[in-house]
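Below is one structure, written out as structure tokens, with a few remarks after it.
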Amino acid sequence: MAEEDTNGAADGLPPPPPVPPDFTPAKTELEPVKKKVLRVPMARRGLGNKGQKIQILTNHFKVNVTNVDGHFFHYSVALFYEDGRPVDGKGVGRKVLDRVHETYDTELAGKEFAYDGEKSLFTIGALPRNKMEFTVVLEDMTSNRSNGNSSPGGHGSPNDNDRKRLRRPCQSKTFKVEISFAAKIPMQAIANALRGQESENSQEALRVLDIILRQHAAKQGCLLVRQSFFHNDPKNFVDVGGGVLGCRGFHSSFRTTQSGLSLNIDVSTTMIIQPGPVVDFLIANQNAKDPFSLDWAKAKRMLKNLRVKTSPTNQEYKITGLSDRPCREQLFTLKQKGKDVDGEVQTTEITVYDYFVNHRNIELRYSADLPCINVGKPKRPTYFPVELCSLVSLQRYTKSLSTFQRSSLVEKSRQKPQERMQVLSNALKINKYDAEPLLRACGISISSNFTQVDGRVLPPPKLKTGNDDFVPRNGRWNFNNKRLVDPTKIERWAVVNFSARCNIQGLVSDLIKCGKQKGIMVEDPFDVFEESQQVRRAPPLVRVEKMFEQVQSKLPGAPKFLLCLLPERKNCDVYGPWKRKNLAEYGIVTQCIAPTRVNDQYITNVLLKINAKLGGLNSMLTVEHSPSIPMVSKVPTIILGMDVSHGSPGQSDVPSIAAVVSSRQWPSISRYRASVRTQSPKVEMIDNLFKRVSDTEDEGIMREALLDFYVSSGKRKPEHIIIFRDGVSESQFNQVLNVELDQIIESCKFLDEKWNPKFVVIVAQKNHHTKFFQPNDPSNVPPGTIIDNKVCHPRNYDFYLCAHAGMIGTTRPTHYHVLFDELGFSADDLQELVHNLSYVYQRSTTAISVVAPICYAHLAATQMGQWMKFEDTSETSSMRGGVTNAGPVAVPQLPKLDEKVSSSMFFC
């Protein structure tokens, strides 16, 4: 990146935010004058020393590479059918290249190659020629993921009629393969990367190693999902309901670390469709009682493109649809044996049912009145009765899981640390990497021992409540006999009940009593509003309107707070519209609960949330109070948490939601507010940080945050800005530094040209695969465990922190990457700040696994995402469409929070 000129470099970045037309010309003239220096992630400045030393094992396995003088040769692969059409289908590539490897071994000089399944192939040392062409024939294209019960090659049809009727679409196909030289990658690049000199070459070289592992797994018949692979073994399947199984497999990737190259192996789970009879899957998927109560329109959507095996021939096909009529009425044209007098082939119309029962003597128990499965082309259907079709194993289920499925999956796939270590040790044994010829050619050997690293356990920070200072133990504390540090008053309030069954009088008196102990004065509520029987079945928006009409007609003025009782805990469809009505239209703070077991702990937790939302504070760090946090307490400092949440995998048109949470009332680092915006679906960079609409107006997110800080911190501008960014991968670090940070700087300059705050940018990652274990101890690593050596990056400034006490399963550490630091924090001070920020989360009495501002950004994005769910479709339908003339699609904007609550912790 660095060698190119700025124009070239900028091309790799996402398009800048849309600029008003009248503004463009001025911008272009300025461009050449300012030569922009691209920021890159900073190098490590040293290791931390604080904390008690502890020995830890991690799921990185040391890799030795002896052949560093060799070269990988990269070839591009193009596949064509006999008639010259390019092959676009996935999955056939590996079969074709396996055949090339078998057939043309001598032409390839006996070389092994690593193929990525698509357009790239790698060898060690060059092939005989730079451009080679081959022709191969594949007899039969069934999957190699058979359930073990197919006859060889899937042939063996009972009679010739059958063969004709099926037209055997996959009998044999001829393919042309072109392999042409693309690039040469020195293996030395791996050694350079380990010295911290990363380059395009070193990333490519590591990619080749990853591709070798993927190919190794593919040859064993595994399902491959990015860097993970899944064996077809029912022992690895867990049923999560709805015809969906969690399938356990392994993630593996090569990583450069301070102690050399390592292979990171972890347990990983993907969702698959329940294999076996199609009907069993549909019944489970729709929760139906029998095949006759299925919704076939829904079934058709669900089955499209899934692969089935048909009995008795065991052929494999892809489902293209369902027949319009039931099996006993669906006709097709059958060619007769023999010809008529004119030598023409005779045909008859016959039903699918009649054909299978009478011509093929196959008994059909229940298919007669159900649609048939179509595996043919749109113009030329091929039908099978449902009961002769079985779904092939290891087919991914890509829709999002229901709340019930998700919790079932979490519960069933938990593994205690020791169990996980055992599974990973076995994985290394099963995979037999030593036998992989390409790895041997690279001179690669992989250790079977977990890497040992030096950890440190940071002491927990001292916390302050209303009546004492205390040190949390094992990452947790409670509020028994403690008053809140800054309790509020709950006054002018009422209860609304959306048909939850609950002893409301008991609940209210518990709130009043418990509030008193914590220092919160809770007045008696004005009233309890019950939802009437008739309204209960109305749509969510109507239920919310009706409830508001009741509240408005009975109360003397707008309430300050509403306690809302919901009938179900998760997925209650009243939640989004209710929150939106209160926060956007009226500026009323509201707390929703779905009380099942009400005890003291439950009431305390509810009060913690209400207190934070109404502007109080439950606990704080003692160092905030005596302000003594390095770099933060002496100079006005704002802390930001930034996150973008995307729609679930199946929804491509749902806008993404960007949330930026910012600290207020400096020197506090426990009080926050949030700004939330929608943006184009699946865009990871936040595009509304700075949004210039005229010479004096900026409608961006940062302006709101900075102005609120200024007003709430005694008219001080932040001189230090510490940014925590969640959810970006290493490949996007440069964009965070050069796109997002630039926008933040611009919004500062827009407020005051002479203002030059200093920045720190830290990325937090949770979805990585590094885990930590205590040798000879079955429990998780203690809270406060920090690791910044051996398995961290050879050059860049990163560390792993487990701030929380992992109670169930294996703790997932948070991987923090310090990309930029103009304040010059020492390693210990910065790590301590991050650790401290895991203790200021107002909703719970435990340390949390990632800094509070990021958690709040998640909460704010999720809650406001609920607002969008029941949008009146007429408003947004016009905005959804594809790309308009104006460029990217306009996404519906979120309504603004009423100013009475705009700087509250409404997300708590």
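The values are calculated or read from the model by the stated rules, or taken from the named source; none is laboratory data. Note that the structure is a prediction, hence the values are computed from the model and not measured. Here the Cβ is made from the backbone with ideal geometry for all residues, glycine too, and neighbour counts use every protein chain on show. The area values use the complete protein model at the heavy-atom level, side chains included, leaving out ligands, DNA and RNA. Shrake-Rupley method; radii C 1.70, N 1.55, O 1.52, S 1.80 Å.
Observations on the model:
- Each of Ile638, Asn67, Thr770 was placed along the dipole of the chain (beta-carbon charges, centred on the mean Cα), and the one lying farthest toward the positive end is Thr770.
- Under 11 Å, Cβ to Cβ, from Ile808 - net charge with Lys/Arg +1 and Asp/Glu -1: +1
- Per-residue packing, averaged as other Cβ atoms within 10 Å, sorts the ranges 751-758, 193-200, 319-326 into the order 319-326, 193-200, 751-758, beginning with the highest.
- All Cα-Cα distances of region 774-813, cut into 5 Å bins from zero to the largest, leave 6, 23, 25, 22, 14, 8, 2 percent in each bin in turn.
- Region 514-574: proportion of alpha-carbon pairs further apart than 15 angstrom, %: 61 percent
- Note on Lys379 and Glu697: the model spin-label points, each 7 Å out from Cα along the C-beta direction, lie 5.7 nm apart.
- Gain upon complete extension [Ala558, Ala441; 0.36 nm per residue less C-alpha separation]: 34.5 nm
- Pairs from Lys298/Lys335; Lys560/Lys691; Lys90/Lys682; Lys36/Lys717; Lys219/Lys766 whose Cα-Cα separation, in the structure shown, is over 28 Å: Lys298/Lys335; Lys560/Lys691; Lys219/Lys766
- Rolling a 1.4 Å probe over the heavy atoms of the protein chains gives region 462-619 an accessible area of 49 Å² per residue.
- Gyration tensor over alpha-carbon atoms, region 455-540, equivalent ellipsoid semi-axes in Å: 37, 19, 10
- Degrees between helix 92-103 axis and first principal axis of the chain (Cα, 0 to 90, nearest 10): 50 degrees
- Peptides ranked, highest mean first, by Cβ atoms within 10 Å: ranges 843-849, 37-43: 843-849, 37-43
- Accessible-area composition of the chain, carbon plus sulfur, in percent [1.4 Å probe]: 50 percent
- Per residue, the chain reaches -7000 deg cm²/dmol at 222 nm when only DSSP H runs of four or more residues are counted, each adding -39500 (n - 2.57).
- Heavy-atom surface of region 658-788, accessible at 1.4 Å and reported per residue (Å²): 35 Å²
- FRET efficiency, Asn480 to Leu47 (Cβ-Cβ, R0 45 Å, nearest 0.05): 0.70
- Prolate/oblate/rounded label for region 386-481 (Cα gyration tensor, a/c 1.5): oblate
- In this structure, Asn605 and Gln735 have a Cβ-Cβ separation that, at R0 = 35 Å, corresponds to a calculated FRET efficiency of about 0.35.
- Charge dipole of the chain (Cα centre as origin; +1 on each Lys and Arg Cβ, -1 on each Asp and Glu Cβ, all else neutral): 1840 debye, rounded to the nearest 20.
- Sorted peptide list for 501-510, 102-111, criterion being average Cβ within 10 angstrom, highest first: 501-510, 102-111
- Taking the inverse of the mean reciprocal distance over all distinct Cα pairs, the Kirkwood hydrodynamic radius of region 200-269 comes to 13.4 Å.
- Helix axis angle, 403-412 relative to the chain longest principal axis, alpha carbon, degrees: 80 degrees
- Under Stokes-Einstein, with the Kirkwood radius over Cα pairs as Rh, the value for region 289-384 at 20 °C and 1.002 mPa s is 146 µm²/s.
- Fraction of the pair-distance distribution of region 30-124 above 23 Å, Cα-Cα pairs, percent: 62 percent
- Estimated FRET transfer efficiency when R0 is 41 angstrom, pair Lys766-Asn305 (beta carbons, to 0.05): 0.80
- Bins of 5 Å, starting at 0 and running to the largest distance - Cα pair percent for region 197-332: 2, 8, 13, 15, 16, 12, 9, 8, 6, 5, 3, 2, 1, 0
- Net length available on complete extension from Asp69 to Leu334 is 88.9 nm, with 0.36 nm assigned per residue and the Cα-Cα distance removed.
- Helix 504-518 vs. the chain, principal-axis angle (Cα, 0 to 90°, nearest 10): 60 degrees
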